[in-house]
1. Which of ILE21, ILE68, ILE34 moves the most in a Gaussian network model of the chain with Cα springs under 10 Å?
2. Would you please state the base-10 log of I(q)/I(0) at q = 0.10, 0.18, 0.22 1/Å for the chain, with intensities from the Debye formula using one equal scatterer on every alpha carbon?
3. Would you kindly derive the ³J(HN,Hα) couplings of the range 115-132 from the backbone phi angles with the Karplus curve 6.51 cos²θ - 1.76 cosθ + 1.60 (θ = phi - 60°), listing them in order in whole Hz, with x for Gly and Pro?
4. Calculate the length of the line joining the C-alpha centroid of the range 99-132 to that of the range 1-48, in whole Å.
5. Classify the range 32-98 from the C-alpha gyration tensor, please: rounded if a/c falls under 1.5, else prolate or oblate depending on whether a/b exceeds b/c.
6. Using a probe radius of 1.4 Å on heavy atoms only, what accessible surface per residue do you get for the range 60-132? Whole Å² is fine.
7. Carbon and sulfur: what percent of the chain's accessible surface (1.4 Å probe)?
8. Using a Gaussian network model on the chain with a 10 Å cutoff between Cα atoms, which of ASP16, ASP53, ASP65 fluctuates the most?
Amino acid sequence: MHSLTLRTASRFEMTDITDRINGMIGENGIVSGIAVMFVPHTTAAVTINENADPDVPRDILASLDRAIPLKDRYLHDEGNSAAHVKASLVGSSEIVLIEGGRLALGTWQSVFFCEFDGPRTRQIWIKLAGTS
Ligand code: ZN
């Protein structure tokens, strides 16, 4: 298993980690296979979406914030229930095929780490499997 460490800078953010994963695939000499990416946190997530227009991740974060407000009738007394709910909705893992030594993503797709309760130091665990 590999891991990436990210230091997030704000409360909510989406960070494109595609290049870092592709670098890891290259270092490990995998040409064809699969990459499993798992976020071991309860207030962060991973998703795949558009990388071309930075307004897309901004809209995703703003829409999640409207749907799941910071303050509501939450029971969890740590004060970050909205982040827990967002993390469950977005999800803690993605599986992507590897072809030609890199993630096989659509033209406009990137893999984004999603911070919902930053700033924090975060991990992404990655398993690469395949043939060289
Ligand atoms: Zn909490």
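The values are calculated or read from the model by the stated rules, or taken from the named source; none is laboratory data. Quick caveat, the model's predicted, so the values are computed rather than measured. Neighbour counts run over all protein chains shown; Cβ positions are idealised from the backbone, glycine included. The area values use the complete protein model at the heavy-atom level, side chains included, leaving out ligands, DNA and RNA. Shrake-Rupley method; radii C 1.70, N 1.55, O 1.52, S 1.80 Å.
1. ILE68
2. -0.33, -0.95, -1.29
3. 8, 10, 8, x, x, 8, 8, 10, 10, 10, 8, 9, 10, 10, 9, x, 10, 9
4. So the separation of the two Cα centres works out to 3 Å.
5. oblate
6. Ligands and nucleic acids excluded, the result is 58 Å² per residue.
7. Here it works out to 52 percent.
8. It is ASP53.
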